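Below is one structure; the comments refer to it alone.
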Amino acid sequence: MSHKNIYSAVSILVGAASLFLIAGISANAQTLSQGWYKVCSKQHDVDICNTMNSVLSNTGQPLTAFNLVEIKGKQNERRIGIQVPTGRFLPEGVHIQIGDGFSKKIPYVICNGPSCIANDVLDDKLIAAMKSGTKMVVTTVNFRGSANPIEFSLNGFTAAYTGPGMEEKDFQQEQIKLQQAIQSNQKEIEERMRAEQEKAKQK
């Protein structure tokens, strides 16, 4: 499989992941994390599995999506893909920090529409650090030069990464259910804001 097809596969899977949230999200949370899970599908003559996690704002706006893509078949390859909003300072890349002992810079490869994707070869050192760590901080730099760190819990990563994963059709079914959770959360936020505005008017 060519790098062009690899980047395309990462882009498709990352975009889908950004809508996949856990049920029961809190309207008071500043960010929402879906937790770690794995989705597998067959594309052309290869099998692709993506272990992923996304962090979103409390209104469902994607902030950072983290993907570990494994390709098996005629060509075997492992890639890391990270999707972030546009407006980044591209030469800085995306920085990964796990504890005090591991750091890695992932270069950007494409910006398309509302997001940019950083992509690189996935190595065993990153996997080992994620398995042994408790949290991971993914940092980008915006066009103003300000760092934007996003924290991922690593709880549940090992079970997801080493597990069999879910099929893409099951992923799509769950996605529909959880989009409804996002909409419900947005409605709660809007209702709370209206209530606060009414209180302010009465003062």
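Values in this text are rule-based calculations from the coordinates and carry no lab data. Keep in mind the model is a prediction, meaning the values are calculated, not measured. Methodologically, a virtual Cβ is constructed for each residue, glycine included, from the backbone with ideal geometry; neighbour enumeration extends over all protein chains shown.
Amide hydrogen proximity for residue 93: with H placed 1.01 Å from N in the peptide plane, the residues at 5 or more positions away or on another chain lying under 5 Å are 108.
Taking 0.36 nm per residue of separation and subtracting the Cα-Cα distance, full extension of the segment from residue 155 to residue 202 would add 12.4 nm. Modelled spin-label separation between residue 187 and residue 61, with each label point placed 7 Å from Cα along the Cα-to-Cβ direction: 2.3 nm.
Proximity of backbone amide H atoms, modeled 1.01 Å from N, is registered between residue 116 and 84, 86 at under 5 Å, excluding neighbours fewer than 5 places apart on the same chain. Whole-Hz Karplus values for segment 138-143 come out as 10, 10, 10, 10, 7, 5 Hz, taken residue by residue from phi with 6.51 cos²θ - 1.76 cosθ + 1.60 and θ = phi - 60°; glycine and proline positions read x. Reported to the nearest whole Å, the Cα centre-to-centre distance from segment 45-94 to segment 122-155 is 12. Taking a sphere under 14 Å around the Cβ of residue 107 and counting the other residues whose Cβ falls inside, with K and R at +1 and D and E at -1, yields a net charge of +2. Residues in segment 108-123 carry Karplus couplings, in order, of 6, 10, 7, 10, 9, x, x, 9, 10, 10, 9, 8, 7, 5, 8, 10 Hz; the curve used is 6.51 cos²θ - 1.76 cosθ + 1.60 with θ = phi - 60°, and Gly or Pro positions show x.
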